[in-house]
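Peer 1: What follows is a structure written as structure tokens; I'll ask about it next.
The values are calculated or read from the model by the stated rules, or taken from the named source; none is laboratory data. Not measured: the values here are computed from a predicted model. Every residue, glycine among them, receives a Cβ derived from its backbone with ideal geometry; neighbour counts consider all protein chains shown. Just so you know, the surface numbers come from the protein's heavy atoms only, side chains and all, with ligands and any DNA or RNA stripped out. Shrake-Rupley method; radii C 1.70, N 1.55, O 1.52, S 1.80 Å.
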Amino acid sequence: MTNSESVLLSPIESFANRVWMAPLTRSRSTMPGNIPNDLMATYYEQRATAGLIIAEATPISSTAHGYYATPGIHTDAQQAGWKAVTDRVHAKGGKIFLQLWHVGRVSNNALQPDNQAPVGPTDVISQSKTYIDSSLERQDNSKPRALRTEEIPGIVEDFASATKRAKAAGFDGVEIHGANTYLLDQFTRDGVNTRTDQYGGSLENRLHFPLMVARAVTEAWGDPSGVGYRISPLSEHKDVRDSDPQATFSTLAAGLGALNLEYLHAVETWDRTSLDPRVETVIPAIVKSFKDAGGKLYIANGDYSPQQAEDAVDSGWADAVAFGRPWIPNPDLPARIAMGGPYREPIPESFYGGGAEGYTEFQTLKQEEEAAHS
Ligand code: FNR
């Protein structure tokens, strides 16, 4: 059965289709130096039929790192490595944004310059775990140091410099990583941000730093059509929660919409079989705030099957859907959607670290057919 009439395969704005690739940390950069390499270029090139590839979360400065072997965008060598990636994707007709990342307190001293403490809004330790070397053994995060008020503009500047490097590296745009418990999320939510300066306390104060970053990145890119922002408003883990996600993220979304950003991207859930009932009310309220203020597209993410994604776009819930795990073993996901499948299942053991196995070895339907007829 074919499914070539799928609305997911129709274009939107400057994007060839609505089957986007969500950012996926794969920890395969060249160490030392966190440098994007040829294997990574092959991986992204193989997925160039996405309406948009959002490349993996990429640290914007030396203090922004929180996991071993994640590629950066703060040195000349990293920039050159990314240029080779974007050239390969563009040669295949693809489009690629870079996700700009500062992990904040989700890090370990071993990943920081001179073994310093990671920085965050406060000195409260993150309860999540990280990996600090190629063994990928999970380690506790280190106790962070609370950023001083006067240090905040420097981090905003790091986001702007990384944006300029991303542009020089040939990306078509950047996505600001405001999701999943990292630095911007730590400032946004009242469960974590207990600061008493102008960057904490009231909702307006908590959004001060994230919106400064969004403004600086948009200015550095030079055009809001090259900027997206990712949130995960309903995810909850220990202190990483908010007492009123609808108010917090609708206000943030209005601020982002006022900058005319190209898209707002939300991780709605990681598991649709136990969907938080608040998704149905909170997400549309946030999207409405974003669009009413002047923002363009809403990109939905989170455990979508192709059929659920089709329904989401068809019903007007989302303008496009970003798939994460499905892209890992299905490098030609849009072609598979056009054919109505089949889809391979991802293999979690090869998500992080390692080489080609579980990364670049998956064949397209076309390659499978050619192999069958040879
Ligand atoms: C992720 N996710 C993620 N999110 C993000 O904003 N930046 C990132 O770099 C990563 N890295 C990452 C690595 C791996 C291996 C997984 C499985 C997930 C989250 C991801 O983008 C997405 O939100 C979730 O995977 C849920 O979507 P799917 O996979 O159900 O379509």
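Peer 1: Can you tell me how much longer the chain between Ser14 and Thr149 gets when fully stretched, taken as 0.36 nm per residue apart minus their C-alpha distance, in nm with one decimal?
Peer 2: 44.6 nm
Peer 1: For the chain, modelled as a Gaussian network with Cα springs under 10 Å, which listed residue fluctuates most, Arg105, Arg195, Arg18?
Peer 2: Among Arg105, Arg195, Arg18, the largest mean-square fluctuation in the Gaussian network model of the chain belongs to Arg195.
Peer 1: Okay, moving on. Between the stretch 221-293 and the stretch 50-70, how far is it from one alpha carbon centroid to the other, in angstrom?
Peer 2: Cα centres, the stretch 221-293 to the stretch 50-70: 20 Å.
Peer 1: Per residue of the chain, what 222 nm ellipticity follows from adding -39500 (n - 2.57) for every DSSP H run with n ≥ 4, rounded to the nearest 500?
Peer 2: The per-residue figure over the chain is -10000 deg cm²/dmol.
Peer 1: Lys296: which aspartates and glutamates have alpha carbons under 19 Å from its alpha carbon, excluding same-chain residues fewer than 8 sequence positions away?
Peer 2: By straight Cα distance, Lys296 reaches Glu13, Asp172, Glu175, Glu219, Asp223, Glu262, Glu268, Asp314, Asp319.
Peer 1: For the stretch 236-253, what does the Karplus curve 6.51 cos²θ - 1.76 cosθ + 1.60, with θ = phi - 60°, yield as ³J(HN,Hα) per residue in whole Hz, taken in order and with x for Gly and Pro?
Peer 2: Taking θ as phi minus 60°, the curve returns 9, 8, 6, 7, 7, 8, 10, 6, 8, x, 5, 5, 4, 7, 5, 5, 4, 4 Hz for the stretch 236-253.
Peer 1: If you don't mind, another one. For Ile152, tell me the accessible area in Å² from a 1.4 Å probe, rounded to the nearest 10.
Peer 2: Surface open to solvent at Ile152 totals about 0 Å².
Peer 1: Using mean Cβ contacts within 10 Å as the protection proxy, how do 250-258, 365-373 order, highest first?
Peer 2: 250-258, 365-373
Peer 1: Hey, can you grab everything whose amide H is under 5 Å from the amide H of Ala55? Only 5+ residues off in sequence or another chain; H modelled, so Pro and N-termini drop out.
Peer 2: Here Phe97, Leu98, Gln99 satisfy the definition.
Peer 1: Modelling each spin label as a point 7 Å along the Cα-to-Cβ direction, I'd like the Met31/Ala371 distance in nm, to one decimal.
Peer 2: 3.0
Peer 1: Please list the non-local residues whose amide H lies under 5 Å from the amide H of Ala320, H modeled 1.01 Å from N, same-chain partners needing a gap of 5 or more.
Peer 2: Tyr298, Ala300
Peer 1: So for the chain: antiparallel DSSP bridges make up what percent, rounded to the nearest 5?
Peer 2: Details: 6 of 38 bridges.
That works out to approximately 15 percent antiparallel.
Peer 1: From Cα coordinates alone, what are the radius of gyration and Dmax values for the stretch 105-227 in angstrom?
Peer 2: Expressed in Å, the Cα Rg and Dmax of the stretch 105-227 come to 15.3, 42.
Peer 1: Determine, from the Cβ-Cβ distance of Leu275 and Met339 and an R0 of 22 Å, the FRET efficiency 1/(1 + (r/R0)^6), rounded to the nearest 0.05.
Peer 2: Given R0 = 22 Å and the Cβ-Cβ separation, E is 0.20.
Peer 1: Which lysines, on any chain, are close to Lys92 with Cα under 18 Å apart, when same-chain ones fewer than 8 places away are left out?
Peer 2: Hits, sequence-local ones excluded: Lys83, Lys366.
Peer 1: Still on this structure, please answer the following. What percent of all Cα-Cα pairs in the stretch 178-263 falls in each 10 Å bin, counting up from 0?
Peer 2: The percentages, shortest bin first, are 19, 52, 26, 3.
Peer 1: In square angstrom, rounded to the nearest 10, how much accessible surface does Arg148 have for a 1.4 Å probe?
Peer 2: That residue has around 120 Å² of solvent-accessible surface.
Peer 1: I've got another one for you. Once the other residues with Cβ under 12 Å from the Cβ of Asp314 are scored (Lys, Arg +1; Asp, Glu -1), what is the net sum?
Peer 2: Neighbourhood net charge equals -3.
Peer 1: Over the chain, what is the mean sequence separation of C-alpha contacts under 8 Å (at least six apart), divided by residue count, expressed as relative contact order in percent?
Peer 2: This gives 17 percent for the chain.
Peer 1: May I ask you to compute the full-extension gain from Asp38 to Ser161, defined as 0.36 nm times their residue separation minus their alpha-carbon distance, rounded to one decimal in nm?
Peer 2: 41.9 nm
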